[in-house]
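A.B. asks: Can you keep this structure in mind? I'll have questions shortly.
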Amino acid sequence: MLLCCGGGLGLAAARGESRLRASIREACGYPFAGGRRAGPIAFRDAVECLLANPAAFDDHWRPRVGLLAADVIDYQIVGRFERFGQDFHAILRRLRAPAGVIDIASRVFNFTRPMALAAVYDPPLAGRVYGHYMADFETFGYHRDSWRSG
């Protein structure tokens with residue numbers, strides 16, 4: 001089963017931002033100046049906004065446990081984002097995907113430079129995130145303080 005997270009395109013997306021960034025900007029009230037976004041969205045601001053008003057965000061930000069219906073669907077593989085490439089290839093092989101599909105899936109289209117989570121989290125913020133996503137941490141085997149080492 002693949003989850004497709006929806007959400008409409010807002011004004012920010014129409015101005016060239018990704019749909020996810022646009023949804024954060026709009027939900028958090030980040031300003032525009034002269035028809036352009038007025039600066040980057042700070043990680044802490046986005047997290048604080050999400051935790052204060054989770055209903056304003058689409059399914060990308062909701063706890064996975066509530067979306068996966070694991071009581072109804074018997075999942076054989078649960079992939080982890082931090083090893084996305086490996087896990088996605090395992091799923092494609094299990095589906096007997098053609099070599100061309102696997103080759104295309106190997107390409108990186110939007111590389112994100114790795115960053116230690118401790119660079120953006122501190123204990124109070126990490127604790128609040130843990131409280132919001134506790135069921136996910138426990139269900140998927142993440143340690144409460146995993147932000148300190150990853």
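A.B. asks: Place a point 7 Å from the Cα of residue 56 along the Cα-to-Cβ direction; which residues of segment 113-136 have their backbone N under 14 Å from it?
C.D. replies: Taking a point 7 Å out along Cα→Cβ of residue 56, no residue of segment 113-136 has its backbone N under 14 Å.
A.B. asks: Quick check of the Kirkwood formula: for segment 35-81, what is the inverse mean of 1/r over all pairs of different Cα atoms, in Å?
C.D. replies: Averaging 1/r across every pair of different Cα atoms and inverting gives 13.5 Å.
A.B. asks: While we're on this one: Skipping prolines and chain starts, which residues have an amide H placed within reach, meaning under 5 Å, of the one on residue 37, given they are 5 or more residues away or on another chain?
C.D. replies: Counting only residues 5 or more places away or on other chains, the set is empty.
A.B. asks: What does the charge count near residue 56 come to, summing +1 for each Lys or Arg and -1 for each Asp or Glu among other residues with Cβ under 12 Å from its Cβ?
C.D. replies: Local net charge: 0.
A.B. asks: Return the Cα extents of the chain along principal axes one, two and three, sorted largest first, each rounded to a whole Å.
C.D. replies: On the principal axes, the chain reaches 51, 35, 31 Å in Cα extent.
A.B. asks: Quick one: which residues, 5+ away or cross-chain, put their amide H under 5 Å from the amide H of residue 70? H built at 1.01 Å from N.
C.D. replies: none
A.B. asks: At q = 0.16, 0.19, 0.30, 0.31 Å⁻¹, what log₁₀ I(q)/I(0) does segment 63-112 have when each alpha carbon counts as one equal point scatterer in the Debye sum?
C.D. replies: After summing over all Cα pairs, the log10 values are -0.59, -0.77, -1.13, -1.16.
A.B. asks: Label points 7 Å out from Cα along the Cβ direction at residue 95 and residue 120: separation in nm?
C.D. replies: 2.7 nm
A.B. asks: So if I take the centroid of the Cα atoms in segment 66-81 and the same for segment 100-128, what is the distance between those two points in Å?
C.D. replies: Each part reduced to its Cα centre gives a spacing of 21 Å.
A.B. asks: Just from its helices, what would the mean residue ellipticity at 222 nm be for the chain, if runs of 4 or more DSSP H residues each count -39500 (n - 2.57) and the sum is divided by every residue, rounded to the nearest 500 deg cm²/dmol?
C.D. replies: Using -39500 (n - 2.57) per qualifying helix, the result is -11500 deg cm²/dmol.
Throughout, read-outs are computed from the coordinates displayed, never taken from laboratory work. This structure is a prediction, so every number in the text was calculated from the model and none was measured. Note that we place each Cβ from the backbone using ideal geometry, even for glycine, and neighbour counts take in every protein chain shown.
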